[in-house]
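The values are calculated or read from the model by the stated rules, or taken from the named source; none is laboratory data. Just so it is clear, the model here is predicted, and its values are computed rather than measured. Please note: Cβ atoms are built from the backbone with ideal geometry, for glycine as well, and neighbour counts cover all protein chains shown.
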Amino acid sequence: MDPYQPESLKISKGIFTLYFGIWMSAGSWEASNHSYSFRYQANEFALIGATSSFMHRATGEYTDCSYNFLTKKRECISGNIENDKPTTKPEWTKFYLKNLPTLKTFKKPYTLKVGNSIL
């Protein structure tokens with residue numbers, strides 16, 4: 001398991017984004033990619049967005065979700081890599097978040113609980 005992507009850090013327009021991925025050559029059929037986007041505001045780096053993408057390598061089924069922590073909304077689509085288009089329409093849901101996570105409170109990837117999801 002290697003959680004780091006070749007392009008693991010990107011800075012653009014005042015936002016820095018960290019990328020992580022999980023790919024196992026044995027023990028799991030799933031592969032995933034995650035990103036976490038931070039912006040400097042109020043004297044700290046606030047987590048303003050995240051993405052998660054899961055794919056089953058045997059079936060080709062995938063789910064992609066994008067989280068906007070400023071609007072507290074999540075968009076998810078699902079599909080199969082054999083098709084050019086997603087098999088579901090984008091599904092928007094709201095989630096509860098008391099405070100924006102910050103770089104100080106966000107300890108490590110795959111530990112942030114947002115609704116029923118772990119990012």
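Note on the range 55-79: residues that are more than 25 Å from residue 102 (Cβ to Cβ) and in a loop (DSSP other than H, G, I, E, B) amount to 4.
Across the range 84-108, the qualifying residues are those that are in contact with a Leu (Cβ under 8 Å, 6 or more places away or on another chain) and in a loop (DSSP other than H, G, I, E, B), and the one among them that is modelled with the lowest pLDDT is 106. The residues listed here are 67, 110; of these, the one that is touching a residue at least 40 places away in the same chain (Cβ under 8 Å) and touching a Lys or Arg at 6+ places or on another chain (Cβ under 6 Å) is 67.
What about residue 52, is it in contact (Cβ under 8 Å) with a residue 24 or more places away in the chain, part of a strand (DSSP E or B) and in contact with an Asp or Glu (Cβ under 8 Å, 6 or more places away or on another chain)? For residue 52, the condition - in contact (Cβ under 8 Å) with a residue 24 or more places away in the chain, part of a strand (DSSP E or B) and in contact with an Asp or Glu (Cβ under 8 Å, 6 or more places away or on another chain) - is met. Please verify whether residue 40 is out of contact with any strand residue (DSSP E or B) (no Cβ under 6 Å at 6 or more places or on another chain) and in a strand (DSSP E or B), treating the condition exactly as stated. For residue 40, the condition - out of contact with any strand residue (DSSP E or B) (no Cβ under 6 Å at 6 or more places or on another chain) and in a strand (DSSP E or B) - is met. Selection within the range 25-42: residues that are surrounded by fewer than 13 Cβ atoms within 10 Å (Cβ to Cβ) and of a type in the set (A, V, I, L, M, F, W, C). The member of this set that is nearest to residue 106 (Cα to Cα) is 42. Scanning the range 75-91 for residues that are surrounded by 10 or more Cβ atoms within 10 Å (Cβ to Cβ) and either more than 14 Å from the chain's Cα centre (by Cα) or among the small types (Gly, Ala, Ser) (or both) returns 78, 79, 80, 81, 86, 87, 88, 90, 91. Applying a threshold of 8 Å to beta carbon distances and a minimum spacing of six or more residues, or different chains, the list of pairs starting in the range 94-107 at a residue that is among the charged types (D, E, K, R) and surrounded by fewer than 15 Cβ atoms within 10 Å (Cβ to Cβ) and ending at one that is part of a loop (DSSP other than H, G, I, E, B) and at pLDDT 95 or above reads 94/72.
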